[in-house]
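Enquirer: The following block contains the structure, expressed as structure tokens.
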Amino acid sequence: MTGTADTQAALSYTSYLALDEVLAAQRPRSDEHDELLFIVIHQVYELWFKQILHEAAFLQENLEAGNTAHSIRTLRRILTVLKVVVAQIDVLETMTPSQFTSFRARLDASSGFQSGQFRELEAVLGRRDERVFAHYPDGGEQRTRIADAMRRPSVFDSFLTYLSGKGYPVATDRDVTRPLEASPELQEVLLKVYQDDGGPSVLAEALVDLDEGLQEWRYRHVKMVERTIGDKTGTGGSSGATYLRTTLFTPMFPDLWAVRSRL
């Protein structure tokens with residue numbers, strides 16, 4: 001007779017983590033030594049993006065419920081994961097341009113621009129740009145997830161709902177399918193938030209940290225691409241570093257930056 005105890009006894013470290021599947025997921029297309037590193041790093045990126053998306057959904061739930069403590073803790077976790085994501089670039093940069101070139105042709109049409117999870121994360125944070133769909137076929141799961149995220153309230157929209165619930169005069173009827181734009185009216189409210197110096201101001205600062213962390217990721221990413229392939233066309237025919245440079249220094253939460261000159 002097989003019972004719950006037997007099932008639990010059969011569970012092992014390997015089976016619980018599905019390590020047979022995870023460790024078999026690296027399939028280099030060449031015999032070059034460095035291709036395995038390239039694959040592992042990017043697979044780990046995708047796992048961290050999955051975790052950040054998971055945490056971002058929990059963050060929005062807590063913001064909309066007005067739960068300050070849980071929101072702050074969740075943001076801190078996201079920030080810590082993001083720091084790990086940025087630090088992984090140090091590992092990738094141990095690969096020289098010639099080492100990458102040795103297997104680059106094997107990547108064919110694949111490109112980091114096709115990371116659906118990162119595009120979904122951008123949408124969750126507030127990016128609204130339908131040009132990203134060029135990399136995803138109609139009806140595909142990744143395109144659907146990104147499009148759904150673009151139709152939902154962003155993290156910043158959830159923060160506005162949080163502020164409204166704390167008694168601040170914030171409009172919560174914004175068209176969430178539109179990009180976030182700086183609002184002088186909202187900045188007046190944020191000034192009051194900072195003057196009150198309570199939980200909402202701590203959350204505002206944590207969101208600034210998140211925005212800065214994402215910009216740091218973009219900067220480190222573009223410099224890594226530049227030192228690896230210069231201004232060559234990126235993998236999959238992408239514009240490589242040329243495009244990546246255009247994403248630098250564009251904040252996700254413009255009001256939180258605009259208000260700082262008045263604090």
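The values are calculated or read from the model by the stated rules, or taken from the named source; none is laboratory data. Everything quoted here is computed from the prediction, not taken from an experiment. Backbone-built Cβ (ideal geometry, glycine too); neighbour counts: all protein chains shown. Surface accessibility is based on the protein's heavy atoms, side chains included, excluding ligands, DNA and RNA. Shrake-Rupley method; radii C 1.70, N 1.55, O 1.52, S 1.80 Å.
Enquirer: Could you tell me how many of the residues in the stretch 171-215 are under 30 Å from residue 84 (Cβ atoms) and open to solvent by 60 Å² or more (accessible area, probe 1.4 Å)?
Expert: Qualifying residue count, the stretch 171-215: 4.
Enquirer: Next question. With the stretch 18-134 as the region, which helices (runs of 4 or more DSSP H) entirely inside it contain at least 2 residues that are open to solvent by 60 Å² or more (accessible area, probe 1.4 Å), over 29 Å from residue 205 (Cβ atoms) and of a type in the set (Ser, Thr, Tyr)? Break it down stepwise before answering.
Expert: Numbers: elements: 19-23, 35-64, 68-92, 97-104, 116-125.
Filter on the stretch 18-134 gives 97-104.
Enquirer: Hey, another quick one. Go through the residues of the stretch 78-87 one by one and say whether even a single one is modelled with pLDDT of 95 or more and in contact with a Ser or Thr (Cβ under 8 Å, 6 or more places away or on another chain).
Expert: no
Enquirer: Would you confirm whether any residue within the stretch 144-158 is over 30 Å from residue 116 (Cβ atoms) and either surrounded by 19 or more Cβ atoms within 10 Å (Cβ to Cβ) or at pLDDT 95 or above (or both)? Before you say what the answer is, go through the steps one by one.
Expert: Pass one, the stretch 144-158, residues over 30 Å from residue 116 (Cβ atoms): none.
No, the stretch 144-158 contains no residue that is over 30 Å from residue 116 (Cβ atoms) and either surrounded by 19 or more Cβ atoms within 10 Å (Cβ to Cβ) or at pLDDT 95 or above (or both).
Enquirer: With respect to the numbered conditions (1) in contact with an Asp or Glu (Cβ under 8 Å, 6 or more places away or on another chain); (2) open to solvent by less than 50 Å² (accessible area, probe 1.4 Å), which one is the sole condition not fulfilled by residue 168?
Expert: Unmet condition: (1).
Enquirer: OK, next. Just to check your reading of the model, which residue among 179, 153, 200 is in contact with a Lys or Arg (Cβ under 6 Å, 6 or more places away or on another chain) and either among the hydroxyl-bearing types (Ser, Thr, Tyr) or closer than 15 Å to residue 252 by Cβ (or both)?
Expert: 179
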